[in-house]
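The values are calculated or read from the model by the stated rules, or taken from the named source; none is laboratory data. It should be emphasised that the depicted structure is a prediction, and the values quoted were computed from it without experimental measurement. Neighbour counts run over all protein chains shown; Cβ positions are idealised from the backbone, glycine included. Heads up: the accessible areas ignore ligands, DNA and RNA and are worked out on the full protein's heavy atoms, side chains in. Shrake-Rupley method; radii C 1.70, N 1.55, O 1.52, S 1.80 Å.
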Amino acid sequence: MKLIEVYDDFFSKDIQHQIYTFLMDTGGWRLHGGNPINRFWHFDELEKIDYFNDFLYKEITSKLNKNFESFGRIYANGQTSGQCGTPHIDDGDLTFLYYPNPEWNINFQGHLIFLKSDAADSEVDRIVEYKSNRAILFDGKVPHYADAPSRCYNDLRISLAYKLWSVKQVD
């Protein structure tokens, strides 16, 4: 099994609120994530914003106790009911995903699903439940996708993504 690490209560409630409020109130969402037959919402170019590329990045590396060679893209995915992701692998060596939604219930679904291989008929290897203030660090080459939130959730399921390159050991 490749690297998949799960961290609960990752950020302080203040930081969680700042992230969620920025993403919900700034108006950067476009319906162009995923692929042409299965679109979902995307908030691009967060790597150009100091809050994300400096402050949050430092918080992430500190909490993980890891230094990365660099980061690539920083963006957010948003899904509403029926907007299921499709299996894929990521660019970058590692992916850091963070779930900023302030409230979540297991009945809302929207879990992250890891597959055993990238074959079209691959079996599920692991499911990581979507949970408020949860972070996941995983090998970007592990095939995965985000399940859609259920129809009983009437808002946006958000995941904040950092594409990371090479871990350097912290002394």
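In table form, for the structure just shown:
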| quantity | calculated |
| --- | --- |
| Single unsatisfied condition, Phe55 versus (1) within 13 Å of the chain's Cα centre (by Cα); (2) open to solvent by 20 Å² or more (accessible area, probe 1.4 Å) | (1) |
| Residues of the stretch 121-135 that turn out to be among the polar types (S, T, N, Q) and either touching a Phe, Trp or Tyr at 6+ places or on another chain (Cβ under 9 Å) or open to solvent by 70 Å² or more (accessible area, probe 1.4 Å) (or both), as a count | 2 |
| Residues being touching a Phe, Trp or Tyr at 6+ places or on another chain (Cβ under 9 Å), open to solvent by less than 70 Å² (accessible area, probe 1.4 Å) and in a helix (DSSP H, G or I) - total across the stretch 16-46 | 5 |
| Positions within the stretch 119-142 being touching an Asp or Glu at 6+ places or on another chain (Cβ under 7 Å), modelled with pLDDT under 95 and among the basic types (Lys, Arg), in sequence order | none |
| Of all residues in the stretch 73-108 being among the hydrophobic types (A, V, I, L, M, F, W, C) and farther than 17 Å from Asp147 by Cα, the one that is most open to solvent (accessible area, probe 1.4 Å) | Leu94 |
| Test: Lys66 is at pLDDT below 95 and either of a type outside the set (S, T, N, Q) or buried (at least 19 other Cβ atoms within 10 Å of the Cβ) (or both) | yes |
| Within the stretch 72-107, tally of residues that are in contact with a strand residue (DSSP E or B) (Cβ under 7 Å, 6 or more places away or on another chain), over 21 Å from Phe11 (Cα atoms) and among the β-branched types (Val, Ile, Thr) | 2 |
| Search result, residues across the stretch 102-134 that are assigned to a strand (DSSP E or B) and closer than 13 Å to Pro87 by Cβ | Leu112, Ile113, Phe114, Leu115, Val124, Asp125 |
| Scan of the stretch 65-85 for residues that are in a loop (DSSP other than H, G, I, E, B) and under 21 Å from Glu5 (Cα atoms), ordered by number | Asn65, Lys66, Gly85 |
| Selection status of Lys131, under 16 Å from Lys2 (Cβ atoms) and out of contact with any helix residue (DSSP H, G or I) (no Cβ under 8 Å at 6 or more places or on another chain) | no |
| Condition broken by Ile49, with the remaining ones in (1) touching a strand residue (DSSP E or B) at 6+ places or on another chain (Cβ under 9 Å); (2) open to solvent by less than 90 Å² (accessible area, probe 1.4 Å); (3) at pLDDT below 95; (4) not polar (S, T, N, Q) satisfied | (3) |
| Pairs with Cβ under 6 Å, 6+ apart, first in the stretch 104-131 and acidic (Asp, Glu), second in a strand (DSSP E or B) | Asp125/Phe114; Asp125/Leu115 |
